[in-house]
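Only the coordinates and a few stated rules stand behind these numbers; no lab work does. All values derive from a computational prediction rather than experimental measurement. In this analysis, Cβ positions are derived from the backbone assuming ideal geometry, glycine residues included, and neighbour counts consider all displayed protein chains.
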Amino acid sequence: MSTLRIQSSTSTLSTTVHHLLLRPTAAVSTNSFSFRPLRTRKPPSLRVSMSSTPPSQPLEIIVKASITIPNKLGDCPFCQRVLLTLEEKHLPYDLKFVNLANKPEWFLQINAEGKVPVIKIDEKWIPDSDVITQTLEEKYPSPPLVTPPEKATVGSKIFSTFIGFLKSKDPNDGTEQALLSELSSFNDYLKENGPFVNGKEISAADLSLGPKLYHLEIVLGHYKKWTVPESLSFLKSYTKAIFSRESFIKTRAQPQDVIEGWRPKVEG
Ligand SMILES: N[C@@H](CCC(=O)N[C@@H](CS)C(=O)NCC(=O)O)C(=O)O
């Protein structure tokens, strides 16, 4: 096993690159990065159940690889959502990168559907960011990131209307208006209930929405020369607050990957 250790200058974070064997029959040549929480946590209080104890080993998570920089995280908003959850819960994890344009056999054996993210919890591989984040919440409830059910769908139409506008070739087909209407409703919601979806504290809904808004800004800026109107000031503050979080900076995709990742949708 070859190991490259990189010491961050600003924290005690260490990044480890190594090759490993996942199964006895399948040699895996993915690179794996170990992440430790940036902040140390106080010991759990008396009322915290045993299940909130962080895992003794980093959780293994399979994510999309960058297509522009070798051994870097790619542009999957669902992967970033899970990584944000791990970061905000201060859980250690190991990243395994998969080139989605050429999926290796070991990955398809783990998830025949061929989608990322996939995480290993209690010796079981779990796909789908909805299921993964819910499982992490149940297993590691502290700190809690639950969004109350009545708020959990706030902003949930933004992503699909963004894709509709991105793919549109007709400036008068109403797709821009549909996106503006969703963004505007979300801005109004934040004005009344913000700064985050559940008020003062960040929660699961923000960790899902944040990466999608990051893609929206990069991709619409690049392909449509379009920006979120300044008048949506609560939304502007919201994205600024999320994008500048340590957890977000650590887990975000390279803008060039985001641009290339969406190219087939734009040109297709
Ligand atoms: N519903 C899934 C969606 C995951 C998904 O669509 N991931 C994309 C990458 S962003 C993927 O793996 N696509 C497979 C492919 O490109 O072949 C989730 O929330 O995890």
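The Cα-based radius of gyration and maximum Cα-Cα distance (Dmax) for segment 107-237 are 17.1, 51 Å. When each of the peptides 80-92, 194-206 is scored by the mean number of other C-beta atoms lying within 10 Å of its residues, the order from highest to lowest reads 80-92, 194-206. Could you give log10 I(q)/I(0) at q = 0.27 Å⁻¹ for segment 92-136, computed by the Debye formula over C-alpha point scatterers of equal weight, without solvent? Taken in order of the listed q values, log10 I(q)/I(0) reads -1.11.
Under 5 Å from the amide H of Asp94 lie the amide H atoms of Phe35, Leu59, Glu60, Ile61, each residue being 5 or more positions distant or on a separate chain, with H modelled from the backbone and absent for Pro and chain starts. Near the amide H of Ala65, within less than 5 Å, lie the amide hydrogens of Gly74, Val98, Asn99, Leu100, all on another chain or at least 5 residues away, with H placed in the peptide plane.
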